[in-house]
Every structure is written in C-alpha cells, then in structure tokens.
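The values are calculated or read from the model by the stated rules, or taken from the named source; none is laboratory data. Since the structure is predicted, the reported quantities are computational estimates derived from the model, not experimental observations. Counting neighbours? That spans all protein chains shown, and the Cβs are built from the backbone with ideal geometry, glycine included. With ligands, DNA and RNA removed, areas are computed over all heavy atoms of the protein, side chains included. Shrake-Rupley method; radii C 1.70, N 1.55, O 1.52, S 1.80 Å.
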Amino acid sequence: MNQSNANTNVVEMIDVCKRYGTFEALKKVNLSVRKGERIIICGPSGSGKSTLIRCINRIEQHDAGSIVVEGQELTGAERDIAKVRREVGMVFQSFNLFPHLTILENCTLAPRRARGLSKAEAEDRAMHYLSKVRIPDQAKKYPGQLSGGQQQRVAIARALCMEPRVMLFDEPTSALDPEMVKEVLDTMIGLAEEGMTMLCVTHEMGFAKQVADRVVFMDGGQKIEEADPQTFFGAPENDRTRAFLQQVLH
Amino acid sequence: MFDVLFQRGFDGRLYLEWLLSGLGWTLALAFIGWWIAFAIGVLVGVGRTSKSRVIAALSRLYVEIFRNIPVLVQMFLWYFVLPELLPTGLGTWVKQLPPPWGAFFPALLCLGTYTAARVAEQVRAGIEALPQGQEEAAAALGLSQLDTRRFVVVPQALRLIIPSLTSEVMGIYKNTSVALTIGLLELTAQARQISENTFQTFGAFASATIIYLLLALVAYRLMLWIDAKYHIPGTSPSKPARKPLFGLFGKRGAA
C-alpha cells in the first residue's frame, strides 16, 4: 500500500459515488490510470466529468467507493490528503491564480510551504517551469497583467513546480478566448510528450485525438464508454456517445 | 473665540497645552487600540469562517458579545466591574494604578475589544467575498489550511475591506471620547475642563471639534494611501470618488 511502482495504477477508482443532496453526480464510476497514460474525459455538461477528477485530489469528497492515488487511499485523514495533493497537480477552468502574488510567487508558494524548498531552490524551479511554458519574462508581473492564455500557462507551471506524478486538467481551455486556446493546448501536448500522467476534462476533440491513450465518455454521472481514440472517434459503440460526438465534432 | 486657548489655567499652563495633552491621550488610545482591534479582529474574523464548529461558534460569541453591548456600558464594565472579578490582590493592584494609567488601560481594552468585533465582521465578509476557486487552488497545491489562510485568503480579504476598515479607524478614534466617563483626560475631557474653568464653552468645544475633524481627514488620507499602496496590479482599483472637500489634502490641480 505504500510505494507505487511502474506496474501499479497511479489512480484507481472503484465504484465511486458522489451525490449533492438528492442529485447523483457520480454513480459507481470505475477508472484506473497507469503511469504515463493520458486520459481524456468528455461528456455533456452536468455529466459528472469535473466532479470525477475533482474527487481524485479530494477537492470534492466521494460518498462511496474507493479512490487510491499513488498507493494512498483517500479517506478523511487530513495528513494523507495533503500527501496526495502534493503529488497531484491541478489546472482549473478559471485559472485560479493568486492575484495578489507575482507570477514567480504564485509558483514558489506551494513548493516552499508544502515541500519545504528554500526560496532560491523554489525560484530556480519556478523559472525552469516558467521557461517551459514559455513565459519566464513575465515572472515579476501579477496575474491581472497577463492575458488569459498566459495566465493558464502560469497555472500549469505553478502545478508543475510541485513536480506532481499526475496532472488533472479541468476544462483548461473553456474560459479562454479562441485565439489563446492553441498556446495552452501546445503546452499540454508538450507535457504529454514528456510522459506526464494526465487526466483531462475537455471538449477539444482534436487535442484528444492527438494525445489521448484513452477517451472516457461520461453522461448522467456514469461512465458510458471508454476506448482508445481510434475506436472512440471512429466506431463509438454507444448511441449517446455518437449523439455527443455529432454535436462537438463540426 | 479661540483666545481662551492662550489663557493660563490654574496649573500655569496654557489651555492650548491642556488640549494638546488631551489630544495625546486620544491619539495613544486610538492608535494602540486600533492595533489591538486589528489583531483580534483578524483572528476572530478568520475564526468565524473556520471549518471547526467550536472555533466558529466561539468567534461568533465574541462578535455578538462585544458588538451588541453599548460601548459606554463596556467602558464601565472594564473600569468598575473587572477589578472586582479579578483575584483580590490583582484587583486591588488594578484599582490602585496611578492616574492616568488606571483609566487608560481599561479604556484601551474596551475600545480595542469592541472595535475588534466590528473588524472581525468586516474580515469575515472579505473572506466570504473571495472566489471559491482561490481556496480550491491552494488546497490542490497541497497547502495546509493554515497556510491557505495566511498566504492566500487573508491577504486578499484585507485588501478587499480597506475601504470599510477606514470607517472602523475613524470609529475607534471618535469613540475614544467615551473614555472621559471613566476619568481619562483625553481631548473631549480637556475641552470640558477648559469650559468649566473659563465658562468659554463655545471656544473650548469648537477647538476640540476642529482638532477631531482635521485628524479625521488625516486618517482618511492615510487609508487612501494604504489602499493605493496595497492595490493589486492588474485589477480594477477600489478608489472612492475623491470629493473636492478632501482636495484640501490632495495634490494641487486635481480639480
């Protein structure tokens, strides 16, 4: 149960249920993710796809079933959750950068406080990842001074600064102006090519075709279909998948 | 009208000096009291939003008690009642503190704790006004709840509430006059003394009034400056419209 190795799953979700009042957001969802896999999760709004990935770092708490991340089962224990969250990076639809901190401070806060890095180490690391997302020259600016695409790339760098084992993306391009979608997707493609384990909720089907090892389709809180991209886009089994694809592929 | 200020009182000092001495106590009370209020207010305000029910309930209790008892009554409680509740030795020591300390410390505690309750509510409102995503992002990065409060939530909430904290700064400064009821010779008390000694009521209180007003303007300016200093680059400013009246202290040619 402690250390994971290449054979075990990085994320293992078994019969995960989540309800908000009487609304069932997740109904017995199973999902396992191996190291280095890129999983795209899609589905209509309200299908539970965001809830699913938000359960993985316990931003949402599941009500039943089990979730094991890097060998650590997610229960109520505060310390275990903190441990898991350090290993799981997350990028949000609305960026959620800290507006009162500079780009550099956004990237160094968690490594210093949660990983115990010195200021110099954290800053070196931050500049490394900011270079990787191609905005090292903005380090001294504040989030409000950057474009949406730049902010989202900073958010990716901020998550990478914790050197996580898994990255979760919750509709990372949905809040962006169309001309900024590509720069963010390119950053994510770069990350995928380096072998980062990724779970990504997105409607960007071109991106899914390009990077996904598996595509998961969700509807009504259930996993409807799960397949490799060729099968998923070429010959989807389920009617609901076909209906969805007709709407998003244009 | 103000010539009374340049007459000498029974102690040989100018009445102007009496007023300035009173002003000194007023400022000491307001300044030190404010930092007490700010420190307790931030802690209690954060406590109000705590996930722990015990901490949230205790913080709420603090706010309800200190906000809902008239400040004059609280002044009397600190001055007359508290020494009786303390162990005898300590109570006697408190009662025998030499003036003006015997009145200053109760007044300081009274104004500090009372204003803290009001500050706490502002802080709570500021925290609740922040987008949920901020705490989520901090949690997702693995920051502890304490670090999330300390580095993410509170710094943003405080910036948000600077305009309403301005009212609290003005409030504690004006409420210092209540300390005259327990015998502290602050500005209002000195004005009253001058009036009683010279029967020049108008001159005495007009002088005090002008001093209060001028200092309120200074406090207001100071808060505007703090607001500008801590303004987050790239966000829209929270500037209140600058009224021509306050141009008195502002840059020339603004109008």
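Pick from B:LYS229, B:LYS95, B:LYS174: which is most flexible by mean-square fluctuation in a GNM of chain B where alpha carbon atoms under 10 Å apart are linked? Evaluated over chain B, the most mobile residue of the options is B:LYS229. Compared with the direct C-alpha span, the chain from B:SER236 to B:LEU214 gains 4.9 nm at full extension, assuming 0.36 nm per residue. Looking at segment A:82-107, which residues lose a minimum of 30 Å² of accessible area between their chain alone and all protein chains in place, measuring with a 1.4 Å probe and not counting ligands or nucleic acids? For segment A:82-107, once contacts with the other chains are taken into account, A:ARG85, A:PHE92, A:ASN96, A:PHE98, A:PRO99, A:HIS100 lose 30 Å² or more. Between A:ASP63 and A:LYS182, with labels modelled 7 Å along Cα→Cβ, what's the label distance in nm to one decimal, could you check? Between A:ASP63 and A:LYS182, the label points sit 4.5 nm apart. Modelled label positions at A:THR75 and B:ALA228, each set 7 Å beyond Cα in the direction of Cβ, lie 5.7 nm from each other. For the pair A and B, the buried accessible area comes to roughly 2000 Å² in total, with a 1.4 Å probe and the value rounded to the nearest 100. At an R0 of 45 angstrom, the distance between the Cβ atoms of B:ARG221 and B:THR92 translates into a FRET efficiency of 0.50. Who wins for biggest fluctuation among B:LEU14, B:LEU108, B:LEU43 in a Gaussian network model of chain B, springs between alpha carbons below 10 Å? Maximum among the listed residues: B:LEU14.
When only the heavy atoms of the protein chains count and the probe is 1.4 Å, how do B:PHE2, B:PHE31 rank by accessible area, highest first?
B:PHE31, B:PHE2
In Å, the Kirkwood hydrodynamic radius of segment B:14-249 over pairs of distinct alpha carbons? Evaluated on segment B:14-249, it is 19.8 Å.
Per residue, the solvent-accessible area of segment B:14-249 (1.4 Å probe, heavy atoms of protein chains only, all protein chains present) comes to 50 Å². A:LYS209 contributes an accessible area of around 110 Å² to the protein surface, as traced by a 1.4 Å probe with all chains present. Per atom type, segment B:14-249 shows carbon and sulfur on 70% of its accessible surface, probed at 1.4 Å. Rounded to the nearest 20 debye, the dipole size of the protein assembly as shown about its Cα centre is 1100 debye, using +1 on the Cβ of Lys and Arg and -1 on the Cβ of Asp and Glu. Ordered by 1.4 Å accessible area with all protein chains kept, A:GLU237, A:GLU226 run largest first as A:GLU237, A:GLU226. Between the beta carbons of B:LEU61 and A:SER32, assuming R0 = 51 Å, the FRET efficiency works out to 0.55 to the nearest 0.05.
State the extension gain, in nm to one decimal, for the chain segment bounded by A:ASP213 and A:PHE23, taking 0.36 nm per residue of separation less the distance between their alpha-carbons. Please list the in-between numbers first.
Numbers: separation 190, 0.36 × 190 = 68.40 nm, distance 3.11 nm.
Contour length minus the Cα-Cα distance gives 65.3 nm.
Size estimate for the protein assembly as shown follows the Kirkwood approach: the inverse of mean 1/r over distinct Cα pairs works out to 26.9 Å. Compute the helix-to-body angle for A:78-87: its Cα long axis versus the longest principal axis of chain A, expressed 0 to 90° and rounded to tens. Tilt relative to chain A: about 80 degrees. For chain A, the solvent-accessible area with a 1.4 angstrom probe is 43 square angstrom per residue. Each of the peptides A:101-109, B:217-225 was scored by the mean count of other Cβ atoms within 10 Å over its residues; in descending order, highest first, they stand as A:101-109, B:217-225. Calculated [222 nm] ellipticity per residue, helices only, for chain A: -11500 deg cm²/dmol; basis is -39500 (n - 2.57) per DSSP H run with n ≥ 4, divided by all residues, nearest 500. Each peptide in B:194-204, B:175-185, B:15-25 receives the mean, over its residues, of other Cβ atoms within 10 Å, and ordering these scores from highest gives B:175-185, B:15-25, B:194-204. Ligands, DNA and RNA left out, the accessible area of segment A:7-107 computed with a 1.4 Å probe is 45% carbon and sulfur.
Of all complete DSSP H helices in chain B, those with a Cα span along the helix axis of 20 Å or greater and a mean Kyte-Doolittle hydropathy of -1.0 or more are B:15-48, B:53-68, B:101-129, B:201-229.
The peptide list A:88-97, A:68-77, put in order of mean Cβ contacts within 10 Å with the highest first, becomes A:88-97, A:68-77.
To the nearest 10 degrees, how steep is helix A:103-114 against the longest Cα principal axis of chain A, on a 0 to 90 scale? Once rounded, the angle reads 80 degrees. Inter-chain neighbour count for B:154-165: the average number of beta-carbon atoms from partner chains within 10 Å of each residue's beta-carbon is 1. Measure nothing fancy, just the Cα-based angle from helix A:119-132's long axis to the longest principal axis of chain A, in degrees from 0 to 90, nearest 10. Once rounded, one gets 60 degrees. Relative contact order of chain A: 26 percent, from C-alpha pairs under 8 Å at least 6 residues apart in sequence.
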